[in-house]
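Worksheet for the structure shown next.
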Amino acid sequence: MTAAHLRKPPGTDSTIPAPEEEGTVPRRRQEIMKWNGWGYSDSRFFLNEKDQVKFTGRRYSLSGAIIPGLKGWMESTFGADILHKISPAPALNSSAVQSPILYEAFLVELKSTGIPFSYDAEDRVFRAHGHCLHEIFALREGKIGRVPDIVVWPDCHNNVVKIVELACKHDVCLIPYGGGTNVSRALECPPEETRSIVSLDTSQMNRILWIDEKNLTARVEAGIIGQDLERLLDQRGFCVGHEPDSLEFSSLGGWVATRSSGMKKNIYGNIEDLVVHMKMVTPQGIIEKGFQGPRMSTGPDIHHFIMGSEGTLGVITEVTMKIRPKPEFKKYGSVVFPNFEMGVACLREIARQRCAPASIRLMDNEQFKLGYAMKPQASSVFTSFLNGLKQFYITKFKGFDPTRLCVATLLLEGNREKVLQHERQIYGIAAKFGGLAAGEENGQRGYMLTFFIAYLRDLAMDYYVIAESFETSVPWDRVLDICRNVKACIVQKCKEKGVKFPPFASCRVAQTYDTGACVYFYFGFNYRGLSSPVQVYEQVEHAAREEILANGGSLSHHHGVGKIRKEWMRETVSDVGMGMLKSVKDYVDPNNIFGSRNLL
Amino acid sequence: MASKPVYLHRDPMLKKRDDFEDILEERRNSSDLRYALRCYTPVLYKGLTPCTPTQLMGMVLQSDQLHHVIKQVSKETGVTVEDVGKEAADILVEMAHRLQLSTIRFFAFTLSKVFKTLFRSVCVNEEGIQRLQQAIYEHPVVLLPSHRSYMDFLLMSYILYTYDLALPVIAAGMDFMSMKLVGEMLRMSGAFFIRRSFGGDKLYWAVFSEYVKTMLKNGLAPIEFFLEGTRSRTCKSLTPKLGLLNIVMDPFLKGEVFDVSLVPISISYERILEEVLYARELLGVPKPKESTSGLFKARKVLSEDYGSIHVYFGQPVSLRSLAESRVNRSQFNLMPRHIPTRPSKEIQSFVNYSAYRLVRAQEENMVLKPWVLVASLLLQNQAAGQRRWMALEELTEQAVWLRDLSRQFGAFLHWPDHIPPSEVVSSSLSLHQGLVRISEGRVQLALDQGLGPGEPASAEELLNQGVIVLSCASYRNQGLHVFLRPALLASAILSSSSNSKQEIFNSFSFLRNMFSNEFILCPGATIQDFEEASYLLMKTGALKMNQQDVVIMERGQRMVAFLSRVLDPFLQGYQVVCRFLCEEAAEGLTEKQFVPAVRTFIIKHLLTGGLRHAEVLSSDLQKNALAALIRLGAVQKVNGGAEKGTLKINKVMVNSLEDTLGGKLPTQKAIAARL
């Protein structure tokens, strides 16, 4: 199974039925998911009657647990205060949603195809946003902007072909929808769009069509979400191994359309390494390769027009993926370093020796503290005694400064003996950089953090704290500089913009490559006393992105461009590069049917 | 009613400046020894990784940057990498500081004694010190003092020690090293030594820049250097040198530090120790080589009164905000950062722009003593010729008038308002009694050296007068930046044949361009300067200006006349240089021969009474004039051939420039004016 903490171990009862044929996501997402926050409706952090943070529901390993350190962490990090609470609008007010623009002729023909569709306000609002801070903030305030006019649910490739044909015929704007987890404003309906906008929800195209065990490939419909893909393959003894942090909700088509990256890319590769074949429906027809081999030398790879196209060229309907036999053994680990500099040096060395495990991540001191605060209540006196002892050993005996130390988390997979040997190798290298093995539990909790951070944001927003993450990739020699400068830039800009509390600016080195690394930033602040917090937030994020670019970082490593980062595309790919991309768009979609206006 | 132009700049009168505190006062009341030995615990940079001078040298020698250059040099010269590495290490040993607190304590003790003997007070703005302390904690700091005296950097370290601030490391010229003992003492008080010229030496440049950058990036100590490169002998700010500024900006531009604070510091001396030395030097008596024994001979200076010193720590300038929207830092993304590259055009002009802004900041915070005004008036009076004696009452009246004017122009004037003006003037005169002669309630410059009145008869006599005039001018020059822009406008108005604003602007812009080697005039800021000058003159009621015309008001006559006289010596100097080049310059004249030749020419004309301003004897002025002519293309420096730096003179152009300076020709409309 994917990340172990996502779900309770088999045997314990589960509130959601494990569907055989049906996917996790129903057509009416609102049945299981929040309309104005992250994830499942039944899972959230809240402050119980004893003022302790508790996580609800039964889906996660943390569900039902009390997290004693979290409240204190929020108070000390953000200056959040339980007396200052701001509750979101309780339910969607349908009257706030503008009435849909409907083309009669289009509707008639759509009906005749038998493909389910809806212009219910809730359905439409659900598909009008991703998870950018300003999008969630507006929803919580009950503010609704331009939303799609119709939602359609094709359940196979042919349905998509029909919808695209109809859209072309009636000049309707199409915006493909996968899991809705983007943080790039990719799903935002362009306010200047006057045509009828149809959201093409791929969530019902969620079958595995075939598995080819000889070639280790599987043909999958592009609407399948990560957890379903892995669960279904798992039943057959295989995995894909693509685990972006959003894999509970994000879809295969979305991964392709944004060039996503998975936590375990060191073993399985990123999305571009995993796709063997794919089909996309465009206004000009269907684009696909006529072969399914491992590699070809036939001019520029047409897959690279599709990957990262962000819904501007067509709808990805089917993908042949590489699959692997399930790993026999898997182990978490962690290493504590005296400071971030040593940690980065160690990761660089591991990358140089090309011996990175499935995943290795280095969290800075701030994130280490957050991870520590996320520790559920110790189950026994003995465990908490042991924890105290460990802490004493590291800070007092080893002389680590608790305000500077940082931790690397590891995930190793494969043959049991090789994993153990690999682990020893990693700890050996770490020791040369002052690193101290710090146990499996710390490692596992580090990975857990990424699944709860979005839930945590919802809690924070109840207490006037707004936050988001962004990422980049950068050459090795720039890693330390970019981390320091971007964090300092955030702090300075917040001060300039009048933020009354010190902001939280934290980063981790999330992926290593031969020539560089992916750096992931968390940024948030307490906005009490600000009149337009979202505007301030966006100005600071903008400044941070400028700082990233000035420090040799990329515009994005895996979040994509969407609309939020469009303004920097030209300097990122050069004038000619823009011209090339534009000419592809002009040929494939001359009437801008796929009118999300992302990327270009 | 004429449309009212909108001026963006603030009223200079409103400039807020900090108060001063005399740090010698406490020295006079408590033990110097205890002061020198007191507990010293400065606030350090928050990101500091402490290291010893030896560790620092190790870091430099192991840096990728230096390794790259060592390999490159080895490849080019065929010398082994080890040997080049050794050479680099030797350079570093020769260069590196060995800052020790004990040496600082020694200086703290001795300088206390010396300062108390020489100076009445050493005044420092404490708010500036507090700002600096904060800056040192936040970011790596670069200290940029003005440079008027050898005293400057000892004084700086002394002040920082006094206020418990991090001690700086100081870039010093190699010439100090010839004074063995003193050189080593300075090294131990934080000086590091750079050869005066190492243009083509790649290895030297690499060691040097890496050494400075390593100290800066690690925030080991504030880096101190003089933007002007050398002591200004004329007390005018010098055109900034960009080399070191380039180096200290590099770590920020390449993302190695988040920001750097650049702190302009203005040190003003009421009386400069080197006053007469400078004047001699400008007149062609060569500069004595620095030697330890020479320094001891200089002991007689210890018996005189040098008034007070004012040190103003300016607002730290954030390099990051300076670069905002002026530099695209991502241009460094496509080359490994350890490979040295020539700065791009964009970077060069940014560094240049920053340097000018910083020198302007130094100028603006320079404290002016009443003597600066008195010296200006005495010089103008002397140049007027006929009656060189001036009644004290008249001088006082004029000084008060000038005091008010300079305040309106935003000068940082320290005129004690609680003392009657006549006393202020006479105490100024008595502090500078070597330069003036007072008799029967009248005063003049001490030009006649006890001889009867009359024109000087010999070159020697003339040079002696020159010493007095140039010494005096060096004080007047301290206040030049206050009057410069209005003076350029006043001269432009007087030399224009009509009231046309366009014509006056053209003339202004010609003069400004001509004098941009002489004064600190930011490149590309002609329009701003013109507007500032117009604003000041209109505000004081001297001018009326509408869209087309500029008119001098009745009450502005005196002001305009004064202001134009401010520029007179310079105008005459540039003209005479032009005339020399047209009339007298021999074929094949080299740059080296230029100054002696033009001096002989000038002496001849001064003796025959063809020139009024003895000031034009200044070699600084002559060199600046030549540089301007070269810049404008009227003179060409030919580097080939037998003689290096042969000057090729375009006589037609030089002649026409001379005429234009004399106001005989309308200025060409070459400069695209947007008015």
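Give me the extension gain from A:Glu288 to A:Asp120: residue separation times 0.36 nm, minus the current Cα-Cα distance, reported in nm with one decimal. Numbers along the way, then the final one.
Values: separation 168, 0.36 × 168 = 60.48 nm, distance 3.46 nm.
Separation in residues times 0.36 nm, less the Cα-Cα distance, equals 57.0 nm.
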Rg(Cα) / (2.2 N^0.38 Å) computed for the range B:41-94, rounded to two decimals
1.46
About its Cα centre, what dipole magnitude does the range B:510-669 give when the only charges are +1 on Lys and Arg Cβ and -1 on Asp and Glu Cβ, stated in debye to the nearest 20?
60 debye
Which residues does a label at B:Asp549 reach in the range B:481-519, if reach means a backbone N under 15 Å from a point 7 Å past the Cα toward the Cβ?
B:497-504
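Which percent of the Cα-Cα distances in the range A:155-299 go past 19 Å?
On the way: 5954 of 10440 pairs.
Counting pairs separated by more than 19 Å, the tail of P(r) holds 57 percent.
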Percent breakdown of C-alpha pair distances by 5 Å bin, ordered from the shortest bin, for the range A:21-79:
4, 17, 20, 19, 17, 10, 6, 4, 1, 0
Calc'd 3J(HN,Hα), the range B:618-626, phi into Karplus 6.51 cos²θ - 1.76 cosθ + 1.60 (θ = phi - 60°), Hz, glycine/Pro = x, comes to 5, 5, 4, 4, 4, 5, 4, 4, 4
Separation of the B:Arg407 and A:Thr403 label points, Cα + 7 Å toward Cβ, nm:
4.9 nm
The farthest towards the positive end of the charge dipole of chain B, of the residues B:Pro340, B:Leu543, B:Ser209, given +1 on Cβ of Lys and Arg and -1 on Cβ of Asp and Glu, is B:Pro340
The protein assembly as shown: antiparallel DSSP beta bridges as a percent of all, rounded to 5
75 percent
What nm value, rounded to one decimal, do you get for the distance between A:Leu600 and A:Glu349 when each label is placed 7 Å out toward the C-beta?
4.8 nm
Which whole number of Å³ per residue matches the convex hull of the alpha-carbon atoms in the range B:191-246?
100 Å³
The range B:80-234, convex hull of Cα, quarter of hull surface, nm² -> 10.7 nm²
Nearest-0.05 FRET efficiency for B:Thr49 and B:Ser197 at R0 = 35 Å, using Cβ-Cβ distance, is 0.55
Collect residues whose amide H, placed 1.01 Å from N in the peptide plane, falls under 5 Å from the amide H of A:Ser261; neighbours closer than 5 in sequence don't count.
none
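Where Rh denotes the Kirkwood radius from the mean inverse Cα pair distance, what is Rg over Rh for the range B:515-640? Before the final figure, lay out the partial values.
Details: Rg = 18.1 Å, Rh = 16.9 Å.
Ratio of gyration radius to Kirkwood radius for the range B:515-640: 1.07.
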Helix-derived mean residue ellipticity, 222 nm - over chain A, DSSP H n ≥ 4, -39500 (n - 2.57), to 500
-10500 deg cm²/dmol
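Going down the table (A:Lys369/A:Lys390; A:Lys71/A:Lys500; A:Lys214/A:Lys322; A:Lys162/A:Lys214), which pairs top 23 Å between alpha carbons? Mind showing how you got there, number by number?
Numbers: A:Lys369/A:Lys390 15 Å; A:Lys71/A:Lys500 20 Å; A:Lys214/A:Lys322 11 Å; A:Lys162/A:Lys214 34 Å.
Where the Cα-Cα span goes over 23 Å, the pairs concerned are A:Lys162/A:Lys214.
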In nm, the gap between the two label points placed 7 Å beyond Cα toward Cβ at B:Lys637 and B:Glu583 is 2.7 nm
Say a paramagnetic label sat at a point 7 Å from the Cα of B:Lys644, along Cα to Cβ; which residues of the range B:202-244 have their backbone N under 18 Å from it?
B:202
Please report, for the Cα atoms of the range A:98-139, the Rg to one decimal and the Dmax as a whole number; what are they, in angstrom?
13.8, 39
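Using the Kirkwood formula on the Cα atoms of the range A:421-496, what hydrodynamic radius do you get, in angstrom to one decimal? Walk me through the intermediate numbers first.
Details: mean 1/r = 0.0624 Å⁻¹.
Hydrodynamic radius (Kirkwood, Cα pairs) of the range A:421-496 is 16.0 Å.
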Based on the Kirkwood radius over alpha-carbon pairs, what value in µm²/s does the Stokes-Einstein equation return for the translational diffusion coefficient of the range A:492-546 at 37 °C and 0.692 mPa s?
263 µm²/s
Compute the projected area of the convex hull of the Cα atoms of the range A:237-350, averaged over all viewing directions, and report it in nm² to one decimal place.
10.2 nm²
Cα-based Rg and Dmax for the range B:30-153, in Å, come out at 20.3, 62
Whole-Å semi-axes of the ellipsoid equivalent to the protein assembly as shown (Cα gyration tensor, √5λ, descending)
71, 36, 29
For B:Ile649, residues with placed amide H under 5 Å, excluding near neighbours
B:Gln636
Hey, what's the Cα Rg ratio for chain A versus the globular rule of thumb, 2.2 N^0.38 Å?
0.95
Proximal lysines to B:Lys648, defined as alpha-carbon separation beneath 30 angstrom and excluding residues fewer than eight positions away on the same chain:
B:Lys236, B:Lys241, B:Lys287, B:Lys345, B:Lys592, B:Lys604, B:Lys623, B:Lys637, B:Lys664, B:Lys669
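Average projected area of the Cα convex hull of the range A:514-600, in nm²?
On the way: hull surface 32.2 nm².
Averaging across all directions leaves 8.1 nm² for the Cα convex hull.
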Pairs of alpha carbons in the range A:268-321 whose separation is greater than 15 Å (percent):
46 percent
Based on the Cβ-Cβ distance from B:Lys241 to A:Cys156, what FRET efficiency comes out when R0 is 51 Å, to the nearest 0.05?
0.10
Sorted by chain and then number, the residues having a modelled amide H within less than 5 Å of the amide H of B:Arg442, at least 5 places away or on another chain, are B:Leu392
Largest-first ellipsoid semi-axes for the range A:444-591, taking √(5λ) over the Cα gyration tensor eigenvalues, angstrom
29, 20, 16
Taking 23 Å as the cut-off for C-alpha to C-alpha distance, list the pairs among B:Lys116/B:Lys369; A:Lys264/A:Lys330; A:Lys398/B:Lys213 that go past it.
A:Lys398/B:Lys213
For A:Thr24, solvent-accessible area (1.4 Å; no DNA, RNA or ligand), Å²
30 Å²
Got a sec? Charge dipole of the protein assembly as shown, +1 on Cβ for Lys and Arg, -1 for Asp and Glu; which of B:His432, B:Phe313, B:Val141 is way out at the positive end?
B:His432
Charge dipole (debye, nearest 20) of the range B:51-118; +1 at Cβ of Lys and Arg, -1 at Cβ of Asp and Glu
620 debye
Where N is the number of residues in chain B, Cα Rg divided by 2.2 N^0.38 Å:
0.99
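Could you check what % of the DSSP bridge pairs in chain B are antiparallel, to the nearest 5?
Working: 25 of 44 bridges.
DSSP beta bridges in chain B are roughly 55 percent antiparallel.
The values are calculated or read from the model by the stated rules, or taken from the named source; none is laboratory data. For clarity, every value in this text was computed on a predicted model and none was experimentally measured. Backbone-built Cβ (ideal geometry, glycine too); neighbour counts: all protein chains shown. Keep in mind that these areas ignore ligands, DNA and RNA; they rest on the heavy atoms of the full protein, side chains included. Shrake-Rupley method; radii C 1.70, N 1.55, O 1.52, S 1.80 Å.
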